[in-house]
Amino acid sequence: MTAYSDPPKSSFQLSQLIHDTRYRSYTFQAIALVLLLLGVGYLLSNLLGNLAAAGLNISYDFLGKPAGYDINQTLIDYTNQSSHWRASIVGVLNTLLVAFLGCITATVLGVFAGVGRLSKNWLIAKLMSVYVEAFRNVPVLIWILIISTIVTILPSPRAFKGETPDAEMFLGLFAFTNRGIYAPKPVWLEGSGIVVATFIISVIAVFFYRRYATKLLYATGKMLPTGWPSLAILLVPSILMYFVMGRPIGVDIPELGGFNFQGGMQLQRPLIALWLALSIYTGAFIAENVRAGIQAINRGQTEAAASLGLRSGRIMSLVILPQALRVIIPPVISQYLNLTKNSSLAIAVGYMDVTGTLGGITLNQTGRAIECILMLMMFYLIISLSISAIMNAYNNRVKLKER
Amino acid sequence: MKKSVFLGALTVAGLTAGAAAAATLDDVKARGKLNCGVTTGLVGFAAPDANGEWQGFDVAVCRAVAAAVLGDPAAVEFVPTTGKTRFTALASGEIDLLARNTTWTFSRDTDLKFDFIGVNYYDGQGFMVPKSLGVTSAKELDGATVCIQTGTTTELNLADFFRINNISYEPVPIETNAEAQPLYLEGACDVYTTDASGLAATRAAFENPGDHVILPEIISKEPLGPLVRHGDNDWGDITMWVLNALIAAEEYGITSANIEEMSAGTNNPEINRILGTEGELGAMIGLDNAWGKRAIAAGGNYGEIFAKNIGEETPVGLARGLNAQWKDGGLLYAPPFR
Amino acid sequence: MSDTHSQLAFVRTEMLAQKEPPVAEKGVVKWVRSNLFSSWSNSILTVVALYLIVQLIMNAGPWFANGIWSTNSLAECREILQGASGGCFSVLSERWNQLLFGIAYPDTQYWRPTLAFVLMLVAASPVLFSKLPRGMLIFTGLYPFLAYWLIWGGTMMTSIIALLGFVAAYLAFRKAERAGFSIGLGAGIIAAVVVWKVLGMFAGELSILPLEEVPSRNMGGFMLNMMLGTICISLSLPIGIALALGRQSHMPIIKGISVVFIEFIRGVPLITLLFVANVVLGYFFPPETNMDLILRVIIMITMFASAYIAEVIRGGLAALPKGQYEAADSLGLDYTQAMRFIILPQALKISIPGIVNVAVGLFKDTTLVSVISMFDLVGMIRGPILASTEWNGVYWELYGFAALLFFITCYGISQYSQWLERQLRTDHR
């Protein structure tokens, strides 16, 4: 009896590249690589040839030249003498701003609508279904245009003028106009730093108190109240300090002057319109994810938790949600990604995001289409890849360990 | 449904028509159609009517060139372009001629490698405000919110104007006239700015045009003209002289009404040369001698085109102003045909 | 025993007649109580919701009721309404054809896209509903050629030749398949090219049922959205499958190419890809191929869709139990056989709801072409219609109409997808 012997070691033959599965993959890969290189080379040579024929060149010099145009909303200093590069950065920050705000409100809306769709209240459940279906099945561009038109219906600052104005400020503090929302701005006087510091310390104190309460609960089973004491720790010292320091924080209330409201904080219409449109639209998708997540949890989990004697609030927070979140979060993060990408439609409402500055006015003025669009794509790619990286890390962390 | 994969392959096969970069004239003749870039819709200058026919002042230039080159003013494919896409459409050869109220500037002529073939409308950027604001001069606009129609040189002129006068403003850039208009009407902007001709056209469509005024300041020079790719001078010459023929025709009184009569021969040699009854001008630009006659017959002379599309009788209601003939104190001045 | 019972005075001998349930526990009242006012918070929510609904009806009701359908311009509408609230729906009736077919489709030929649309429903039905007779799939196969001829016009020869090429490719593939899948594929491609070349020479001679030719630049309106949606999704399915398989492959180069492609496309907004289609793509091809804008847009949207479909199918592949792969291997099937007969049929079946979702999303995204100056439904509204003197200022009616059209289509598709999900669900929960 001979044991199994190794397969005969014959010398390598060319035909093995086609017939032998061990080597065939090399053949395929080589073919694929050659085809890819040929394709890319062909396209690139066409590009260079065409550019040369048209007398154009690829150059990023324009980024250093003054942009020459103004931007209504900037998070960093910017004048029309700043460079195109700086204008692009302003655009990038604006994109990130609206994406950040949008993600927060979309999540809130989505959770409400998702839970609402499962509500026992028939009317609320139906209303939420109508909301979700209406927004999921109509293109976001149409919604942006419609919501932008709706925001325009708010009274204009002119309506606040005159002896008997058509519109009045809300509580005398806030003005909702079709140019944006004007709100009081805090004015920091001398001594305000101490009040703020007190507040920050209170926040930290609340955090430690809660940790202590949990620890005590696990160690001894004794439950400390957390709600009211936290609130007290948070507010009382700061309020006391505010009066002790002689009320150092004032407010600057917006007032009508000239063409617009002056003073106070201003949230501009383009931002509001885009923010609303994106968060309502994305909220509908998140609602579906939330609903699916909650429904994905087996009823037995609820029943088991109930049989352990947990209250319904605790069933939700300790049993259902931790499991549902595992299902909900990945699709919700990809909704965040979609929201960020959809914010590129900002120009429809006049918001200057990166597509509006770099891919819009800069491209128009310089005519450098290839360069601008390449940079634009790179920017979005970087954001997306960073978000996907976060998502992958999260997925790996919460993945059920399969054995 | 899955099988409509093949549709794509067919589309590729069916629609790749040849068009080389070098000799545009040959391409246009081979194709039998002139590809002309226009705006996506600006009343009076280029907009499709209810029947889908393109109408307007810029459109008339396209039709005149098509008539001169191909003998048929209807042999035009109109390619709608936005401010963003117009230059690449021209540079990549998708269109042969761009007639999209485009301002003639140094860098567009040189850096972007285009050739402006002349000016068909002398424009300037202006401001429109509601009468109720009581503003009479653009210099009183300190702190105002300004709606800008982007895509031309508008943003830059505006920034310059406010910087020179040392006053502040809040820009609201909007891509299309259709979206800027409700913002202005609802008071989300105090001021609407774009080329004065565009302002007039926009105001004409308002419910109460009388409630809005166009301020006297014109803050920029906007010579709007058709353009072609740099490098094909023969094609540039043809289009340039078609435009000149339209302007000259008005100067010499050639109209669509009397063109037949005049092409029988007149005692003015200049008219005869334009209409091709004298001299061999057509051969010099690679066309037959009747090119000028066809171009003018397509939509009339410059004055007729102006009056029909944007003149005072139309809703747009523009006065000739700078766009009058040089004899009437305007800037239109066609070089001699000889 | 029974006697003792009857003798006791307090024992009832016959059943009482059933009482009606209390008013609060039956019918409408119970429904309202348990569904609308079950608790304080619920009651408040109900009242607020009712208030909002009433407000909406009060405001929108007259606007619809006073709607005007037959004027020729907004100014005339305003004259008739005299300041009362009311929609000017005449814009829809006057520009109906433009909204559906764009500005340049010849108006005597509207029956062609309409017929193509109806036939599309017929062609799609056997794919969508597996209970229909399988023979209908033949029509589905013929449909693309028929639709091309109907929509673009010209002689039917083009479609017939293209069809013959594919038939030849299929036959050649079946013949050569024994020698291996890739060889079969190669033979199929060669056969198709030969047939197209040879028959192409005669194409000019014959003209069968010629229709008026319509260049693709003249397509517009909702028709353009439908066309882009259907063409791009259909094209992206095979590419998406290939990419998904590539991403699962063990060959590093193939896998790398697929991953880079998918992640790149998914990482950028569609609008930037459309900018590429509009302003950059032309530079990547030789100057003599002057591709039409629609074709370039189709290329970019197809790339976009295939990356998303690839991810959906990858999910389907990953969801299959490992045993399926091992079973295929143990039967001695090679890679292509295993994929064709074991893995893909199951993986695709699981992926269908996901694919439908991508399709709905993509169909909605076709409205973005309006940003690059194409006159699709939204482009028609934002461009020619709102720019015209007559209809300058009509917003709600137009946007509402566009939203309604999209809603009907997408809601229909997503209902189908949910129905299908219920059909495919086998866990009897």
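Quick notes on this one:
- Classification of chain A by its C-alpha gyration tensor yields an oblate form. The axis ratio a/c (a ≥ b ≥ c) is 1.5 or more, and b/c is at least a/b.
- Helices in chain B that qualify as membrane-span-like (whole DSSP H runs, Cα extent of at least 18 Å along the helix axis, mean Kyte-Doolittle hydropathy of 0.0 or higher) are B:57-70, B:233-251.
- Dipole magnitude for segment B:247-322: computed about the Cα centre from +1 point charges on Lys and Arg Cβ and -1 point charges on Asp and Glu Cβ, it is near 160 debye.
- Student exercise, chain C dipole from Lys, Arg, Asp, Glu Cβ charges, in Debye to nearest 20: 1080 debye
- Per chain C, cysteines lacking a partner by the 4.7 Å Cβ criterion: C:CYS232, C:CYS410
- Alpha-carbon centroids, segment A:175-241 and segment A:357-386: separation in whole Å: 42 Å
- Two tests apply to each whole DSSP H helix in chain A, Cα reach of 15 Å or more along its axis and mean Kyte-Doolittle hydropathy of at least -1.0, and the ones passing both are A:21-54, A:84-117, A:122-136, A:140-152, A:192-220, A:227-244, A:269-296, A:321-342, A:369-398.
- Gyration tensor (alpha-carbon) shape descriptor, chain C, a/c threshold 1.5: oblate
- Extension gain (nm, one decimal) between A:GLU303 and A:ASN395, 0.36 nm per residue minus Cα-Cα: 30.4 nm
- Chain C: angle of helix C:157-176 to the longest principal axis, Cα-based, in degrees nearest 10: 90 degrees
- Candidates A:GLY39, B:ALA290, A:THR105 compared by Cα position along the dipole of the protein assembly as shown: farthest toward the positive end lies A:THR105, with charges placed on Cβ.
- Taking chain C and dividing mean pair separation by its residue count, relative contact order in percent (alpha carbons under 8 Å, at least six apart): 16 percent
- Extreme residue, positive dipole direction of the protein assembly as shown, given options C:GLY267, B:THR314, B:ALA138 (C-beta unit charges): C:GLY267
- Range of Cα positions in segment B:123-221 per principal axis (Å), largest first: 35, 29, 23
- For chain C, the longest principal axis of the C-alpha atoms and the axis of helix C:181-203 are separated by about 70°.
- Considering only A:ASN94, A:ASN178, A:ASN72, the mean-square fluctuation computed in a Gaussian network model of chain A, springs between alpha carbons under 10 angstrom, is largest for A:ASN72.
- Intensity falloff of chain B expressed as log10 I(q)/I(0), Debye formula with alpha-carbon point scatterers, at q = 0.14 Å⁻¹: -1.11
- Farthest toward the positive end of the dipole of chain C, out of C:SER43, C:PHE117, C:VAL371, is the Cα of C:SER43, where the dipole comes from beta carbon charges about the Cα centre.
- Rounded if a/c under 1.5, otherwise prolate or oblate - the protein assembly as shown, Cα gyration tensor axes: oblate
- DSSP finds beta bridges in segment B:123-221, and of those with both partners inside it, around 45 percent are antiparallel.
- Part-to-part distance (alpha-carbon centres) for segment C:385-414 and segment A:49-71, which is given in Å: 38 Å
- The trypsin sites (Lys or Arg not before Pro) found in segment C:1-101 that occupy coil by DSSP, while having at most 15 further C-beta atoms within 10 Å, are C:ARG12, C:LYS19, C:LYS26.
- Each Cα pair under 8 Å and six or more residues apart adds its separation to the average, and for segment C:279-406 the resulting relative contact order is 17 percent.
- For segment A:64-156: relative contact order, % (alpha-carbon pairs under 8 angstrom, 6 or more apart): 14 percent
- Crossing angle, helix C:221-248 versus chain C [Cα axis fit, 0-90 degrees, rounded to tens]: 80 degrees
- Here segment C:1-120 is assigned +1 on the Cβ of each Lys and Arg and -1 on the Cβ of each Asp and Glu. Its dipole about the Cα centre then comes out at about 200 debye.
- In the protein assembly as shown, helical runs assigned H by DSSP with n ≥ 4 each contribute -39500 (n - 2.57); averaged across all residues and rounded to the nearest 500, the mean residue ellipticity at 222 nm is -18000 deg cm²/dmol.
- The GNM of chain B, with springs linking C-alpha atoms under 10 angstrom apart, assigns the highest mean-square fluctuation among B:ILE174, B:ILE274, B:ILE254 to B:ILE174.
- Candidates B:GLU77, B:GLU186, B:GLU94: whichever shows maximal mean-square fluctuation once chain B is modelled as a Gaussian network with Cα springs under 10 Å: B:GLU186
- When Rg and the Kirkwood Rh are both derived from Cα coordinates, the Rg/Rh ratio for segment C:349-429 amounts to 1.18.
- Arranged from fewest to most other beta-carbon atoms within 10 Å of their beta carbon, B:ARG31, C:ARG247 become B:ARG31, C:ARG247.
- 10 Å Cβ neighbours from other chains, averaged over peptide B:49-57: 4
Every read-out reported here was derived from the displayed coordinates using simple, explicitly stated rules and does not represent laboratory data. The shown structure was predicted, so the numbers you read here are calculated from the model rather than taken from an experiment. Positions of Cβ are backbone-derived with ideal geometry, glycine not excepted, and every protein chain shown enters the neighbour counts.
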